[in-house]
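Right, one structure below, let's go through it.
Just so it is clear, none of the values below were taken in a lab; they were calculated from the coordinates. All of these numbers come straight from a predicted model, not from anything done at the bench. For neighbour counting, all protein chains shown are included, and Cβ atoms are generated from backbone atoms with ideal geometry for every residue, glycine included.
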Amino acid sequence: MDFSFTEEQQMLRDSVSRFLDKTYDFKARQTLVASEKPWSEQVWQQFAELGLLALPFSEETGGLGGSIADVVAIAESFGEHLLVEPYMSSILLAGRALALSDHDVAQDWLAKIIAGEAIAAFAHEEARGTAAPEFVTLGAQQSGGNYFLDGEKRLVLNGAEADILVVSARLSGVAGEKSGLALMMVDPKTDGIEITSFQTIDGRSAAHIQFDKVQVSAEQLLLDDAYSVLVAVISDIMIALSAEAVGIMGALLGATSEYTATRKQFDVPISSFQVIAHRLADMKIAYTKARASLYYTTAIAEAGQSTARDIAILKGQVGKLGRAIGEDAIQSHGGVGMTDELIISHYHKRLIAIDAMFGDSEYHFRKIGQAHD
Amino acid sequence: MNIDFNSELIAFRAEISAFLDEAPTDAIREAGRKVTSVFADFDQATAWQAILNAKGWAAPDWPEQYGGTGWSVEQRYIFAEEYRKRDLPPLLPNGIKMVGPLLIDLGTEDQKAKYLPGILSGEDYWTQGYSEPNAGSDLASLKCRARADGDDYIINGSKIWTTLAHRSNRMFMLVRTSDAGKKQQGITFLLLDRTDYPGMDIRPIKGLDGFPEQCEVFFDNVRVPQSGRVGAENDGWTVAKHLLTHERGGSAQSPTLKRYIEHIRDAARDAASPFGGNMIDDPVFQRDIGELEADIASMEHFEKLAISGHEIANDPAFPSMNKTMNSELIQRISVMMTQISGLEGLSLELDALRIGANVKPLGTYLDLVSMPFYLNSRATTIYAGTNEVQRDLIARTVSHG
């Protein structure tokens, strides 16, 4: 057994980390988030040049054939730098879904996405979060040679900027059924689509998208019987999001240990107080658990041996432990931990967002508990 | 990253399983089902160790030259898994997991030749003489004194929390041999060949679970040979710290933790929920056991990374994190067991817990053991250095100050 990154993965990790250290410090990130631009086009083009946009796709679809372990190797650094670029939405979600279909048009879109010439968004979440795809309700009514989409997608990351939407929809059956699901490619400018865009607490651009009798041709059907593809895409994004979270958790532990060692009250560094020291110890234990689960789960996923329970354990642990580390970091920083000026609060908001997406820790814990084996 | 599931390991698992299915006596199995502590029934744990030793499997973690199995880390993990699946009693840890590895690392050749065979076979039970009434977390302030006299030491003072001292025939202990310098500097590590030396008085202490597991030991001019010293005189603190790394880390704990979860799930299938139906279908139970299972899984991942040689185990805080995680998981498991037992856990059944007793438990096996296990498990965050001390140690590896 070897759970360590390979030499190649370590090099990839280091090069992405060095690039982001240089171009994506906290000040640059905050300037970007405060601007009109949803992400940095310059950074995105450099990602394309570095091959990062091609990384997770197979060589037949124009990618580099990277594995989930390669994605994890770079995603920790994305977390540490609080990257807002559409890597999750356009590459790992919508791009991955396009890649899993042999549809010609989908392959054309994928080529543009890999080249950094187009952005795709994954319109999947509905009212209460849709970690279990069987609860998708957005309807696709077949009529003549066309489909008519009715319903709403919530929190579509980069939904307002996307050139193409990949939409999960229900062709038949009711919420809770695994059959009857489809993935559609939809032009966001189609009549009947209403996009309400907003910024998220963690600095991303997102949108709620209303579909009112949106006409979609049969050629735009990417996949019918899409349940297993949806599960595969969501499984991998949960690992990638967990890697981001673990990167953040490590950064918060480092920042908090440094701050508590220099901040003096009652004439001594506050880390000399046992309550503070023990909180640091708890943060380290939490980080260690999350990190161990990330590397273990990544390795078994790469080997094709992971189960839904394994992924739920990772996402549940990262959600719970990440929130705990974020809250402990704010408490340890005191008043300044409450400000917008320090990176601490921004790390915490990203951890909260990661927990909420694709099932929070409570959801995953109950899923684990439900399993009757 | 590379995960290997090769056929050799599958064959190895089958070999282990066949032996573990056949070798233990009924009494040993009964002792396994009635475990309520880190320490299983003394007689059956000892009998089981003799059987394992005859097979050559008493100490899989030891180097092969001293009687270890020569198994890979994966094989040792599989052995632990199959062992736990059958609810077999754990071996008493003091010999195989504590003083044995210590002697292998730091003992003289004479000490190894003299003591290791008895540790391996289980013929010798070593009680641990560390804590004193006024030296617990602050262990280095210990006062039990050894004065050199010719080739001997003469010991005066007392030790407490000496587990199963009343069943022991040997003891390893820390004594004060000097008051000069820092308090850590005047401590010496001694091996005692007997626990019935003239002047030694062992008094069992009945615990909150009703069992006399712990003891207090008094020394009144007890004369022991200096040849039992490990390391140099006044250098016992170094020896003790070395031993603690074996006590706090070492072999995989997650197979044991996972086995408890299986028992809880089994019991939950039949246990009525106060909201109707059975606990296994109760959403709150599902969420709570899911959270616990996820946390146990992280411990398992941590252990598997460590045994595979991942850098995560090079962290200086590794033994303390390991001890903290494991002890707190055991406590949470024990709480959940009592929750499943509910009112059935309130009957005091000390007779039914004895091995070979002809007393039928009033409820299920889980009901029989859950409360004494819960009560005994309060000790997990106290022994081997309280978790407060562990967190101090962990924090030192984080702090930049």
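Observations on the model:
- Cut-off under 5 Å, modelled amide H: who pairs with B:LEU164 long-range: B:GLN214, B:CYS215
- Taking Cα atoms only, the orientation of helix A:274-302 departs from the longest principal axis of chain A by about 30 degrees.
- Convex hull (Cα only) mean projected area of region A:228-370, reported in nm² to one decimal: 9.0
- When the listed pairs B:LYS143/B:LYS241; B:LYS112/B:LYS143; B:LYS159/B:LYS206; A:LYS349/B:LYS304; B:LYS34/B:LYS85 are checked against a 20 Å cut-off, the alpha-carbon distance exceeds it for B:LYS112/B:LYS143; A:LYS349/B:LYS304.
- For region A:188-205, backbone phi angles converted through the Karplus equation (6.51, -1.76, 1.60; θ = phi - 60°) give residue-by-residue couplings of x, 8, 4, 4, x, 9, 10, 10, 10, 9, 7, 9, 8, 4, 9, x, 9, 8 Hz, Gly and Pro being listed as x.
- Binning all Cα-Cα separations of region B:127-235 at 5 Å, short to long from zero, yields these whole-percent fractions: 2, 14, 24, 25, 19, 10, 4, 2, 0.
- Directionally averaged projected area (convex hull, Cα atoms, the protein assembly as shown), nm²: 36.9
- Annotation: amide H-H contacts under 5 Å for A:ASP2 (H modelled 1.01 Å from N, sequence separation of 5 or more, or interchain): B:ASN2, B:ILE3, B:ASP4.
- Inter-chain neighbour count for A:2-12: the average number of beta-carbon atoms from partner chains within 10 Å of each residue's beta-carbon is 3.
- Label-point separation in nm, A:ALA34 to B:ARG396, each point 7 Å along Cα→Cβ: 4.4
- The angle between the Cα long axis of helix A:41-50 and the main principal axis of chain A comes to about 90°, on a 0 to 90 degree scale.
- Ranked B:ILE394, A:ILE68, criterion: other C-beta atoms within 10 Å, fewest first: A:ILE68, B:ILE394
- Calculated FRET efficiency, B:ASP270 to A:ASP224, Cβ-Cβ distance, R0 = 45 Å: about 0.55 to the nearest 0.05.
- When the Cα positions of B:PRO89, B:SER168, B:TRP237 are compared along the charge dipole of chain B, B:TRP237 comes out farthest toward the positive end, with charges on each C-beta of Lys, Arg, Asp and Glu.
- Values of log10 I(q)/I(0) for region A:121-226 across q = 0.11, 0.13, 0.20 Å⁻¹ run -0.30, -0.41, -0.97, by the Debye formula with one identical scatterer at each alpha carbon and no solvent.
- Dipole-positive endmost among B:LEU139, B:TRP48, B:SER17 within region B:1-144 (Cβ charges, Cα centre): B:LEU139
- Of the trypsin sites (Lys or Arg not before Pro) found in region B:167-258, the ones in coil according to DSSP and having at most 10 other Cβ atoms within 10 Å of their Cβ are B:LYS182, B:LYS206.
- Shielding score for A:247-258, defined as the mean number of other chain Cβ atoms within 10 Å: 1
- For region A:252-263, the Karplus equation 6.51 cos²θ - 1.76 cosθ + 1.60, evaluated at θ = phi - 60°, returns couplings of 5, 4, x, 5, 6, 5, 5, 5, 5, 7, 10, 5 Hz by residue, with Gly and Pro reported as x.
- For chain B, the mean residue ellipticity at 222 nm estimated from helices alone is -14500 deg cm²/dmol, where every DSSP H run of n ≥ 4 contributes -39500 (n - 2.57) and the total is divided by all residues, rounded to the nearest 500.
- The stretch between B:TYR197 and B:ASP220 holds 7.3 nm of extra length on full extension. This uses 0.36 nm per residue minus the Cα-Cα distance.
- Across region A:1-132, counting alpha-carbon atoms alone, Rg and Dmax equal 15.4, 48 Å.
- Paired Rg and Dmax values of chain B, which use every Cα atom, in angstrom: 21.8, 74
- Kyte-Doolittle mean at least 1.6 and Cα axial length at least 27 Å: DSSP H helices in chain B: none
- A DSSP coil position with no more than 12 other Cβ atoms inside 10 Å describes none of the chymotrypsin sites (Phe, Trp or Tyr not before Pro) in region B:134-192.
- Percent RCO, i.e. relative contact order, over region B:243-400, from Cα pairs under 8 Å lying at least 6 residues apart: 27
- Cα-based shape type of region B:235-362, given that a ≥ b ≥ c are square roots of the gyration tensor eigenvalues and the cut on a/c is 1.5: oblate
- Modelled spin-label separation between A:GLU177 and A:THR23, with each label point placed 7 Å from Cα along the Cα-to-Cβ direction: 4.8 nm.
- Distance from region B:273-305 to region B:99-178 (C-alpha centre basis), Å: 41
- When only alpha carbons are used to place a centre, region B:60-94 and region A:163-197 end up 54 Å from one another.
- The average projected area of chain A, computed from the convex hull of its Cα atoms over all directions, is 19.3 nm².
- Sites B:THR25 and A:GLN10 - FRET efficiency at Förster radius 41 Å, r taken between beta-carbons, to 0.05: 0.20
- Extended-chain gain in nm, criterion 0.36 nm per residue less alpha-carbon gap, B:ARG13 and B:ALA148: 43.4 nm
- Region B:340-401 and region A:9-35 have their alpha-carbon centroids 48 Å apart.
- Sorted by Cβ density within 10 Å, fewest first, the residues B:LYS114, A:LYS22: A:LYS22, B:LYS114
- Theoretical FRET efficiency, 1/(1+(r/R0)^6), r = Cβ-Cβ of A:GLN141 and A:GLU194, R0 25 Å, to 0.05: 0.85
- Contact order normalised by residue count of chain B, Cα under 8 Å, 6+ apart, percent: 14
- Whole-number percent relative contact order across region A:282-342, with pairs defined as alpha carbons under 8 Å at least 6 apart: 40
- Based on DSSP H segments of at least four residues, each scored -39500 (n - 2.57), chain A has a per-residue ellipticity at 222 nm of -16000 deg cm²/dmol.
- Amide H contacts of B:TYR153: B:VAL224, B:GLN226, each under 5 Å away and 5 or more positions distant or on a separate chain (H built 1.01 Å from N in the peptide plane; Pro and chain starts excluded).
- Residue-wise HN-Hα coupling along region A:96-107, computed from phi with Karplus coefficients 6.51, -1.76, 1.60 (Hz; x: Gly, Pro): 4, 5, 5, 5, 7, 10, 9, 4, 4, 5, 4, 5
- Sorted by Cβ density within 10 Å, fewest first, the residues B:THR364, B:THR380: B:THR364, B:THR380
- Ordering B:PHE275, B:ILE289, B:ALA252 by the projection of their Cα atoms onto the charge dipole of region B:252-398, which places +1 on the Cβ of Lys and Arg and -1 on the Cβ of Asp and Glu, puts B:ALA252 at the extreme positive end.
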